[in-house]
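Let me begin by presenting the structure, written as structure tokens, before commenting on it.
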Amino acid sequence: MNTIIIRKETPEDYNWVIELTEKAFETMEFSDGNEGKLVEKLRKAPTFIPELSLVAELGGQLVGHILFTPLQIRNEQNSFTSLVLGPVSVLPEYQKQGIGEKLIRTGHQKAFELGFQSVILIGYPEYYPRFGYKPASGWGIKTQIPLPSDDVFMAVELTEGGLTGVSGMAVFPPEFG
């Protein structure tokens, strides 16, 4: 098997990443079909960090993409900056081969190098704990987004104690709708 290369997304990748994202989510039961549009909106946002938009390449073909975007966690006294992971996309025929894992781990490392201390996400509680994610409610972090259960809203510390003393409402970027 060819080696999976994880690299920063380039403008030349943009159209293919949208198509890849739409294909990755088209059979997902929870998908609203707008994940490709979300990636486009997040890229155009003033908070977009190009170094945190990564693609997975296999044999010269893009097979995956991940995006991390800054968000705020606010309470009455303070506002803390974190990241939101999403979406993470892998073409259906390449899923369950470790590509998503490699994107997430590389993305976490890049976020750490850029000085971020934590990441928030809404996702499968069967999948994300392997990367250290735990219910965000354990840190007193909430969301206004209606969710089917508490365990789908998760957070991970990229640094030891990265969420110590952090609590409040996670304010997602407006592009998330």
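The values are calculated or read from the model by the stated rules, or taken from the named source; none is laboratory data. Since the structure is predicted, the reported quantities are computational estimates derived from the model, not experimental observations. All Cβ positions, even for glycine, are placed from backbone atoms using ideal geometry, and neighbour counts span all protein chains on display.
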Filtered residue count, the stretch 58-86, keeping only those that are modelled with pLDDT under 95 and either in contact with an Asp or Glu (Cβ under 7 Å, 6 or more places away or on another chain) or assigned to a strand (DSSP E or B) (or both): 1
Of everything in the stretch 147-169, what is within 19 Å of Ala111 (Cβ to Cβ) and out of contact with any strand residue (DSSP E or B) (no Cβ under 7 Å at 6 or more places or on another chain)? Give them in sequence order. Thr159, Glu160, Gly161, Thr164
Considering only residues that are polar (S, T, N, Q) and free of Cβ contacts under 8 Å to residues at least 60 places away in the same chain, look in the stretch 50-78 and name the one that is nearest to Thr27 (Cα to Cα). Gln61
Going by what's in this entry, would Ser89 be described as of a type in the set (Ser, Thr, Tyr) and in contact with an Asp or Glu (Cβ under 6 Å, 6 or more places away or on another chain)? no
Is it the case that Gln144 is touching a strand residue (DSSP E or B) at 6+ places or on another chain (Cβ under 8 Å), modelled with pLDDT under 95 and under 26 Å from Glu40 (Cα atoms)? yes
Would you mention how many residues in the stretch 17-57 are outside any loop (DSSP other than H, G, I, E, B), hydrophobic (A, V, I, L, M, F, W, C) and closer than 30 Å to Gly115 by Cβ? 11
Single residue of Lys44, Lys23, Lys8 found to be touching a strand residue (DSSP E or B) at 6+ places or on another chain (Cβ under 9 Å) and loosely packed, with under 14 Cβ neighbours inside 10 Å: Lys8
Positions within the stretch 107-122 being surrounded by fewer than 17 Cβ atoms within 10 Å (Cβ to Cβ) and either in a helix (DSSP H, G or I) or not hydrophobic (A, V, I, L, M, F, W, C) (or both), in sequence order: Gln109, Phe112, Glu113, Gly115
If you go through the stretch 86-103 one residue at a time, how many are crowded, with 22+ Cβ neighbours inside 10 Å and under 11 Å from the mean Cα position of the chain (by Cα)? 3
